[in-house]
Every structure is written in C-alpha cells, then in structure tokens.
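One structure is given below, encoded as structure tokens.
The values are calculated or read from the model by the stated rules, or taken from the named source; none is laboratory data. Quantities reported herein were computed from a predicted structural model and do not represent experimental measurements. Using ideal geometry, Cβ is built from the backbone for each residue, glycine included, and neighbour counts are taken over all protein chains shown. Calculation scope for accessible area: heavy atoms of the full protein, side chains included, ligands and nucleic acids excluded. Shrake-Rupley method; radii C 1.70, N 1.55, O 1.52, S 1.80 Å.
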Amino acid sequence: MFATSVVLALAIGGAGQDRPADGAMISVQPCAASTTGYDDYVSFLGSRPAADPKDTPFDAATLRRNHPQVWFEALRQGERVRCRRISYGSDGLAVTGFIVEPSADAPFTGPRPLVVFNRGGNQAFGSIRTADLMEFAGWALDGYVVVATQYQGNDGGQGREEFGGSEVADVLNVLAVGRALPNVDADRTYMYGMSRGGMMTCLALKHGARVSAAAVIGAPADLEEGLRYRPQMEEVYRELMPGYAERKASLLKERSAIAWPKRLSAPLLILHGRADWRVWPGDSLAVAAGLQRRGRLYELTVYAGDDHPLTRSLPEVRTRLRAWFAAH
C-alpha cells in the first residue's frame, strides 16, 4: 500500500512541453492506507461538526450500516481490493482521479464491468475521501472496476472547475481511462453520480458518453428553478462559472437536463429524497416527465422522508443500482 508512484508521462503543462493526451494516465500510486482502525474512523466522523445544521444528524449505527467495516478493511489491507490514485490527461491538463478494483487474485474470471462514479459538491467540498473509497471497495468486492475523477483544479489537479463546464471533459476522459484497463469489459460500462455528480452524469451523456446504463441520485436538473429553492447556490455559480454575470440564463440552461432530455439516451435510474433540502425533488420529476414524453427507458423513485444523500435508504439504493446495471 505504500509503494512509490509510477510516473507514466512527465511532459505536462510547462512552456514548450507537450500537453498530456486525453485519457492517458500520467502517474499511478497506491491510495494512502489508513493508519487507524474502523472504530477510530467512526469516532472521528462523529466528532466533526455537520456541514449544515439541516443535514441529518450523525448516528454511529447508521454509519456502520451504510459503510460497513468489511469495506474499510478491504480498502486498508489491500488484499481483496486494489485502490490507486492516478493523474490522467484531460483537455490538456493533469487531473486527479482514482481506480478501485478487485485484486488480481480475487475470485472473478474474465473482463469485469466498469462503473464511473461522479462526485458531488464543488472544489474541496464533496471531494472523494475515505467514505467514497469504501463505497468503491464495495463495488470491487462485487466484481466491478470503479473509476472516478476529482475534477480539474481539485486535489492537486491542474485547471479550474466550472461546475458543469470544462470539467465535463474530465468525466469523459476518466471513462476512457477505465475502458482502456486490461481487465475491463467495455461493453458493460455504467455511470452514476450523486447531487452535482448526477448533473455531471447527465452532462456526460449529453456530450456523448457511451454507457450501457446510468443513474442519478438527488441530481440538480433545473438550475434556474433550483436558485428559487436554494438561493445561496448563486454564490457558487458566480464564483465558478466563467461569464456568469453576462450569460447567467444560458449557462444555467446548458447545465440543466430538463432542457435537453432527448440527449439522455442511456437507460436512466432516477432517485431522490422527498426531504432533500439541497436539491428540489421536483427536478427529478421533471426529468422523468421529459423522458416519458420521448419514450426513453427510465425508472423514478422518490423516497418519502429521506434526505439528500438518501441516508435512510442507502442499502436499498445500492441494491437498486446493481440491479439496474445488471439488467442492462
């Protein structure tokens, strides 16, 4: 778990240097192994203040159910699951991402299905951390290979994210990284994202991502209406979207899946919590209505009383995701 990194390409970004090729891995290193045990990890999360007082309060039993110890140990020990932190080329930049997959001696034969995960939040908030890597380990224990991006400008990556602008290329290129892995079945490729990551999933489909099926959880799909539901998001948009003051309407429309449902060609699973205060649940209903009018294949579930990350329903959500992908 502590081997030195492997540098695959060095010419990135300096004057007179070549730009990294899209989808090419620049460097690979093992994920940092946890130096604490699972109980200490749970205690640490319980000691942190909530991101917002309206979020569901921390509950250790719920955390243990939603992020079981077997995933933590698989990730830490590195025997059944291999986790790698990568730098890869995207739109001429070196971007940070992850690959989590079954270890070489795992009890699976043949090429493995690929899952592309799109993170939520923006900048450091919502970046891929231990809980996400544990989630990926759960997929790996089920025989999947998972790839994910931190988006440009984050976690040591070059560039600057635009909340659904230029970093759409990062999703398409990490998909290319995954497809190029020798143990991946490119005909079984899936994509999902939570919150802003759901928006990124829809944008990736809009821009030509070829996947067998996709899923979104609590995804903003009407950013203009979302500002009426949660006005403070305008501060994020103003900071991250270039030209926001001059092109607000067009920038929001470009990122809103309700404006282009015909571009969502992959079978789409849409999940949302009715008590979600961060993203208006009506966004998911609107996307489903647009797909219905066009005869697209989709499923929609709104979980009554559940929150933005579907804390109460998470084990069922994971079962739904795997069944949806397996069916396509």
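Within the range 201-228, the only residue that satisfies the criterion of being part of a helix (DSSP H, G or I) and either touching a His at 6+ places or on another chain (Cβ under 6 Å) or among the hydroxyl-bearing types (Ser, Thr, Tyr) (or both) is Thr201. In the set Pro231, Pro242, only one residue is in a loop (DSSP other than H, G, I, E, B), modelled with pLDDT of 95 or more, more than 30 Å from Pro53 (Cβ to Cβ) and open to solvent by 20 Å² or more (accessible area, probe 1.4 Å); that residue is Pro242.
Please determine whether any residue of the range 264-282 is in contact (Cβ under 8 Å) with a residue 12 or more places away in the chain, charged (D, E, K, R) and in a helix (DSSP H, G or I).
Taking the range 264-282 first, the residues in contact (Cβ under 8 Å) with a residue 12 or more places away in the chain are 264-282.
Those still in the list that are charged (D, E, K, R) too: 274, 276, 278.
Among the residues that remain, those that are also in a helix (DSSP H, G or I) are: none.
Among the residues of the range 264-282, not one is in contact (Cβ under 8 Å) with a residue 12 or more places away in the chain, charged (D, E, K, R) and in a helix (DSSP H, G or I), which makes the answer no.
Would you mention how many residues in the range 245-259 are open to solvent by 40 Å² or more (accessible area, probe 1.4 Å) and within 23 Å of the chain's Cα centre (by Cα)? Step through it out loud before you land on a result.
So in the range 245-259, the residues open to solvent by 40 Å² or more (accessible area, probe 1.4 Å) come out as 245-250, 253-254, 258-259.
Then drop every residue that is not within 23 Å of the chain's Cα centre (by Cα), which leaves 253-254, 258-259.
Selection size over the range 245-259: 4.
Scanning the range 40-72 for residues that are acidic (Asp, Glu), over 22 Å from the mean Cα position of the chain (by Cα) and surrounded by 12 or more Cβ atoms within 10 Å (Cβ to Cβ) turns up just one, Asp59.
Given the criteria over 17 Å from Arg255 (Cβ atoms), open to solvent by 10 Å² or more (accessible area, probe 1.4 Å) and at pLDDT 95 or above, does Ser195 qualify? Break it down stepwise before answering.
Values: over 17 Å from Arg255 (Cβ atoms): no; open to solvent by 10 Å² or more (accessible area, probe 1.4 Å): yes; at pLDDT 95 or above: yes.
In short, no.
Candidates are the residues of the range 48-73 that are modelled with pLDDT of 95 or more and among the small types (Gly, Ala, Ser); the one that is nearest to Ser27 (Cα to Cα) is Ala60. Can you tell me which residue is nearest to Glu101 (Cα to Cα) among those in the range 180-192 that are of a type in the set (D, E, K, R) and surrounded by fewer than 18 Cβ atoms within 10 Å (Cβ to Cβ)? Here the answer is Asp185.
Restricting Leu114, Leu93 to residues that are open to solvent by 10 Å² or more (accessible area, probe 1.4 Å) and either hydrophobic (A, V, I, L, M, F, W, C) or under 16 Å from the mean Cα position of the chain (by Cα) (or both) narrows the list to Leu93. Whenever a residue of the range 311-328 is surrounded by 15 or more Cβ atoms within 10 Å (Cβ to Cβ), its partners that are acidic (Asp, Glu), lying with C-beta atoms within less than 6 angstrom and at least six residues away or across chains, give the pairs Arg312/Asp306; Ser313/Asp306. With respect to the conditions (1) in a helix (DSSP H, G or I); (2) open to solvent by 30 Å² or more (accessible area, probe 1.4 Å), Leu75 falls short on a single one, namely (2). When the range 127-147 is filtered for residues that are in contact with a helix residue (DSSP H, G or I) (Cβ under 7 Å, 6 or more places away or on another chain) and either open to solvent by less than 10 Å² (accessible area, probe 1.4 Å) or within 21 Å of Leu240 (Cα to Cα) (or both), the ones remaining, listed by number, are Met134, Ala137, Gly138, Val145, Val146, Val147. Each residue in the range 142-174 was checked for being free of Cβ contacts under 8 Å to residues at least 60 places away in the same chain, in contact with a strand residue (DSSP E or B) (Cβ under 7 Å, 6 or more places away or on another chain) and more than 12 Å from Thr96 (Cα to Cα), and 4 pass.
Can you tell me which residue among Ile128, Ile99, Ile86 is under 21 Å from Leu175 (Cα atoms), modelled with pLDDT of 95 or more, in a loop (DSSP other than H, G, I, E, B) and not polar (S, T, N, Q)? Checking each option against the conditions leaves just Ile128.
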